[in-house]
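Below is one structure, written out as structure tokens, with a few remarks after it.
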Amino acid sequence: MYSGPGVKTDANFPIPDTQKAWVLGNPGELKLTNKAVPVPKRAEVLVRIDAVAICATDLEIIYHGPPASILGGMPFNKNFTPGHEYMGTVVALGPGVDEYRIGQRVTVEIHAGCGQCKRCREGMYTSCHNYGLNYGDVDKGHRANGFTTDGGFCEYQVNNINTLVAIPDEMSDEEATLVVTAGTAMYGLTELGGLVAGESVVVTGPGPIGLLGVAVAKAMGASPVILTGTRDNRLKIGKELGADHVINVRNEDAVEAVRQLNGGKGVDYVVECSGAPNAVNDAVRMVNRGGKVCLAAFPHAETPVDVAHIVRNNIYLYGIRGEGKSATHRAEAFMSQKRFDATKIHTHTFPLDDLPTAIRYAKDRVEDAIKVVVKAKGAAAHRVAAE
Ligand SMILES: [Zn+2]
Ligand SMILES: [Zn+2]
């Protein structure tokens with residue numbers, strides 16, 4: 001029977017000893033196996049996973065390895081379960097946990113930093129200096145589910161209470177999986193960037209973070225909010241999420257168009273989500289003097305950058321790693337207040353058993369897939385109407 005020292009359970013939420021879990025074999029190879037249901041320790045709960053969204057970073061991990069780090073190395077053939085954008089129901093409490101109750105619906109953020117390094121102490125736990133050090137005699141207590149510890153492509157997972165975000169009953173499972181994506185955009189714009197109402201924002205690249213970046217910027221009072229991209233159907237969703245202007249970079253010069261829309265001066269912020277080869281050079285020409293560029297995409301090749309232009313114009317350039325400083329809580333507040341409708345980027349749902357199909361839809365953008373969600377229970381494959 002499922003139990004552990006000091007662990008509280010509830011007969012209304014029975015927990016099996018074993019669960020279905022996908023594990024990563026060789027690159028690109030996922031196998032469905034059985035694993036023990038983990039037991040929460042101090043400051044942890046057990047979450048029954050009700051829905052998990054597939055992220056571009058999952059595809060990076062499954063096909064290439066990084067940023068996952070398991071036992072100090074690549075994640076392949078280590079019985080590792082990926083998946084990190086999940087939500088569910090609290091079904092067991094670790095010793096001393098009274099912050100959440102059994103039966104409560106939560107969504108999760110990824111990173112529980114070590115709590116003791118310089119960055120964790122600053123609230124920048126996604127930049128923990130002890131990333132991946134959670135094993136053997138180098139165990140610093142760092143956890144990042146689906147990156148350095150088992151993640152969400154299974155039925156149950158333990159989470160540190162610091163990674164939980166309570167959600168209202170009205171929020172659907174699918175919408176709740178998107179909180180962490182909105183939280184990432186929020187972290188880039190507000191905590192790292194310092195955006196205040198009335199400042200102008202360009203988002204380059206209408207992927208999930210870009211589209212929710214538009215929504216968050218608009219909800220924060222940014223004006224104007226401009227989205228650039230190559231696919232008209234995605235630009236249309238960007239408009240629905242609050243973009244004041246959209247620019248199809250196949251039809252017009254995006255830098256020129258952005259400057260024209262801002263009195264020739266350019267904008268205060270660019271959130272670069274495209275990873276396109278010349279994206280950084282374009283972004284630093286879209287911002288005004290003293291403006292800020294948040295880099296949120298992973299290009300696969302090194303690209304030359306016009307440093308002199310950055311220096312002469314006092315431009316700030318910063319990377320963003322995940323969703324630090326509890327930005328997901330603020331994103332959830334916007335979503336539960338219905339300040340934007342994140343479900344516009346959710347396109348498909350599949351059962352957990354069909355994870356490889358779901359991954360193919362996300363990777364190859366089958367049927368214009370944007371966010372593909374997998375559910376362990378009660379999900380027949382379906383496409384969500386985009387309207
Ligand atoms: Zn993600
Ligand atoms: Zn740390």
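The values are calculated or read from the model by the stated rules, or taken from the named source; none is laboratory data. None of the values given here were measured: they were computed from a predicted structure. Quick reminder, even Gly has a Cβ in these numbers, built from the backbone with ideal geometry, and neighbours come from all protein chains shown. The protein model used for the area step is the full one, side chains on, heavy atoms only, and it has no ligands, DNA or RNA in it. Shrake-Rupley method; radii C 1.70, N 1.55, O 1.52, S 1.80 Å.
A few remarks follow.
- Where GLU60 falls short, out of the listed (1) open to solvent by 10 Å² or more (accessible area, probe 1.4 Å); (2) in a loop (DSSP other than H, G, I, E, B): (2)
- Matching helices (runs of 4 or more DSSP H) fully within segment 160-257 where at least 1 residues are without any contact (Cβ under 8 Å) to a residue 60 or more places away in the chain and open to solvent by 50 Å² or more (accessible area, probe 1.4 Å): 232-240
- Residue satisfying all of: in segment 128-153; polar (S, T, N, Q) and within 16 Å of ligand 1 (Cβ to nearest atom); farthest from LEU46 (Cα to Cα) among these: THR148
- Contact map, segment 37-48: residues that are surrounded by fewer than 24 Cβ atoms within 10 Å (Cβ to Cβ) paired with residues that are assigned to a strand (DSSP E or B), Cβ distance under 6 Å, separation 6+ or inter-chain. Pairs shown: VAL37/GLN19; VAL37/TYR156; PRO38/VAL158; ALA43/ASN160; ARG48/GLY88; ARG48/THR89; ARG48/VAL91; ARG48/TYR156.
- Near pairs, Cβ below 6 angstrom, 6+ apart or cross-chain, from segment 348-363 (assigned to a strand (DSSP E or B)) to any residue that is of a type in the set (S, T, N, Q): PHE350/THR357
- Flag for TYR125 being within 16 Å of ligand 1 (Cβ to nearest atom), within 24 Å of the chain's Cα centre (by Cα) and either buried (at least 16 other Cβ atoms within 10 Å of the Cβ) or under 26 Å from THR57 (Cα atoms) (or both): yes
- Residue check, ASN288 surrounded by 16 or more Cβ atoms within 10 Å (Cβ to Cβ), touching a strand residue (DSSP E or B) at 6+ places or on another chain (Cβ under 9 Å) and either more than 30 Å from ARG105 (Cβ to Cβ) or hydroxyl-bearing (Ser, Thr, Tyr) (or both): yes
- Residue in segment 61-113 that is nearest to ligand 1 (Cβ to nearest atom), counting only those that are without any contact (Cβ under 8 Å) to a residue 12 or more places away in the chain and under 23 Å from ILE320 (Cα atoms): PRO66
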